[in-house]
Every structure is written in C-alpha cells, then in structure tokens.
1. Filter the helices (runs of 4 or more DSSP H) completely within the range 184-295 down to those with at least 1 residues that are in the same structural domain as residue 152 (by TED's automatic domain parsing), of a type in the set (Ser, Thr, Tyr) and surrounded by 22 or more Cβ atoms within 10 Å (Cβ to Cβ).
2. Just to be sure, is residue 350 hydroxyl-bearing (Ser, Thr, Tyr) and more than 26 Å from residue 261 (Cα to Cα)?
3. Restricting to the range 22-32, give me the number of residues that are in contact with a Lys or Arg (Cβ under 8 Å, 6 or more places away or on another chain) and free of Cβ contacts under 8 Å to residues at least 12 places away in the same chain.
4. Which residue out of 323, 360 is outside any helix (DSSP H, G or I), among the small types (Gly, Ala, Ser), closer than 22 Å to residue 116 by Cα and touching a helix residue (DSSP H, G or I) at 6+ places or on another chain (Cβ under 9 Å)?
5. Quick check on the range 131-170: of everything there that is of a type in the set (Ser, Thr, Tyr) and not in a strand (DSSP E or B), which residue is surrounded by the fewest Cβ atoms within 10 Å (Cβ to Cβ)?
6. Can you find a residue that is at positive phi, in contact (Cβ under 8 Å) with a residue 12 or more places away in the chain and assigned by TED's automatic domain parsing to the domain that holds residue 385 anywhere in the range 324-335?
7. Return yes when residue 320 is acidic (Asp, Glu), at pLDDT 95 or above and in contact with a strand residue (DSSP E or B) (Cβ under 9 Å, 6 or more places away or on another chain) and no when it is not.
8. Being among the polar types (S, T, N, Q) and within 18 Å of the chain's Cα centre (by Cα) is the requirement here; does residue 156 meet it?
Amino acid sequence: MAGALEKFGIDGDYLPETLAVRGGQERSQFGEHAEALYLTSSFVFKSAAQAAKRFSGEEAGNVYARFSNPTVSMFEERLAALEGAEACVATASGMSAIMALVLAHLKQGDHIVASNSLFGATVQLFSNILARTGITTTFVSQTDPAAWAAAIRPETKLFFLETPSNPLTEIADIRALSAIAHEKNILVAVDNCFCTPILQRPLDLGADLVVHSATKYIDGQGRVLGGAVCGPKHLTDEVFKYLRTAGPTLSAFNAWVLLKGLETLKLRIQAQSTAAAELAAWLEAHPKVARVYYPGLASHPQHALAMSQQTSGGAIVTFEVKGAREQAWTVVDHCQLLSITANLGDTKTTITHPASTTHGRITPEARAAAGISEGLLRVAVGLEAIEDLKADLERGLSLI
C-alpha cells in the first residue's frame, strides 16, 4: 500500500510482509521497539478545554477505551495496510464485525442479498436477529451471479458473501458481483476470513468492504477473539459511529496479540496452504473418500476463478467420506493428533463435522441447500508434518 508507513517517518512503497511487521506501529516517549500494550479504560486530558475538543472530535486523540486505544489503533492501521484499505475498525469478534457493518449501513425495511453458503452463525444472524429489526435477507447461490441480480429489490442495500465459503470452499466471483451491485448503488461486503489479505484482497477486485474474524488466521494460534471491518474511510466511519455507541470493542490485550499474529501471517498462510494442497491431493486419491472440496485442485468446479482471485488454494480442505454421520464421526473419533474443534486458522490442525457443529443450528433444509452432508468433514491444516496428518486421518478412514 503506497505511503502506508509515511507517517512513521518511513518513505516508499512496501510489500505485504514488510507491512505486516512495520505497519501501524507508533512509539511512545520511551522509544519501545515492540508495540506497547495500553491497558487503561480512560485517558487523562491536560485541561477542560482539551477534554471538550477530544469528545467533540475537534482534536484527535484517545478518549475512552470503548472506542479509542493506541494498541487497537495500531492493529487497525496494520490490517488496513495489508488489505489495501483506507481505514479499519476493529471489533470484539468476527460476528460483531458483521453486525456492526450491517447496522451501520442498513435500517429497518432494507434488504440484503447473501450467499446461501455462509457460515452458520452468519446465517443465524441474518435470518433471525437482523430479521427482528426489519432487515430482511434473500439467500442465493454463491456461484450464480444471475441469481444475485434477480434477487435485487428497490430496498436492497447490501451484497454479503464469503469466498471461499465455509465449509465447501465455493468461490464467489467478486468482480462480477461487484459490477452487478454497483449498477444499483448496492454495497458489497466480503468475509475474507479463509484467505486473509495474503491470499486475496477483495477491495482490489471491486468490493466495498472487507470483514475479518481475526480470531482465525490473523491470530493464528487460537489465543484470542477479534474482528475487523476494512474499507474506504467514509464507509468505515459509519461502522466506527456504531462501535462508539454500541461498544462491541476489541480489547487492548487482544489487539496486541493480533498485532504479533500479523507479523507471521504470510509465513504461516503460505506453509499451511502448501500442506493443504498436498493433503487435498492425497484425500482425492483415497478409496474411502467420495469427494474433496479444495480450490487448488483442478477438480474444483471454480478452480480457474479461484486462481484468478487468490494466490493459492488456501489452508482449508473439506471432504466427504463414503457414508454418512457414523462414518464421518469414526474418522473424527480416531484422530489422535488433529484437534477436534470448530475453530480454524490455528498452527494446530483442526477437524470438525460441520453438520453437527458449525452449521448444526440452521435447518436441515438450509444445510441441504448449502450442500452440507452428514458425511462432510472440514480440516483446517496447521503446521505439523504433512505425513503425520495423513497418518492421523488414515487411522479413521481405514475403519470405514
């Protein structure tokens, strides 16, 4: 991102790995080398006049940790630089980031068009919680731009998608959907959790806003929760106004952890993606596996599109065993190395059965529409030796 480090006295344009280490850092009068952790709920002013100016926004500076903290600001600026965004607003979790984005830009009576392949909690948010506020959602095929165009109403204000999708790694055409939306002055928001800005930058492809669950790859070690919304300042300012009042705030400690996670993001994502590609190829050839979903495989139905938007297939491998829930659970229950947990993006490889966990709260009809079968398993590849991961999965696969 051009000029991303200029305000820190560093001139020039820098690549992502440099921005991930240097972007956003500010030093106090003590000259600390590592980013400082500011654990305080409020900030002291030099005078009543300065306090008034800070509260009114006339003077820049920290006011109250619900909406301003130096450590959080450093994280926001670093992630914005990586996404090629003008600004970023950090939140307490990925789901609170989605809620903040929607409530900042939509009102009662407005309408969303969304992918029917969204993460289960996002489906619940749109279908139940937002519906109570009078914001309605039409779910359409992730992969059919014509269906998105047909779903537009006069009151449609937002296209919301995640690509690759969770868990089937379906790819949405960000360029095509952005073009359709912008003809009608509709915002496009992309959940970039699976790829991170290392593998995909939706703003470069035409999207207006990017959402992150920083809990996943940005942290990278399963330690803390966090979320973010990135985009042009006139759009993120509205999200900030919501955050300031409603308070789904990222803690300073979590921001500090996420800052350190960003420093190794590219190294981790590249290594995990390389291992995932090998694991996907191994699973595709396995006699007990019915199908593998991985954008980096030539057999993936949107492989060409994925490779035009992403720099690799990513680190998530989803596959169907030959059988149903009993057989899938046999694989899960015989894993000794892989962690049985719904989280992803960790240095430790995780495995989950989406139909009974991440997508267990949505209706069977919605699961069927999203292609989530009882035999489906999702593996988020970590940093262990790939041969050990294969051996761990083989332990259960050999029994079905």
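1. It comes to 196-199, 233-246.
2. no
3. 0
4. Exactly one residue qualifies, and that residue is 360.
5. Among them, the one singled out is 133.
6. Looking through the range 324-335, none of the residues is at positive phi, in contact (Cβ under 8 Å) with a residue 12 or more places away in the chain and assigned by TED's automatic domain parsing to the domain that holds residue 385.
7. In short, yes.
8. no
The values are calculated or read from the model by the stated rules, or taken from the named source; none is laboratory data. Since the model is a prediction, treat every value here as computed from it, not as a measurement. Neighbour counts run over all protein chains shown; Cβ positions are idealised from the backbone, glycine included.
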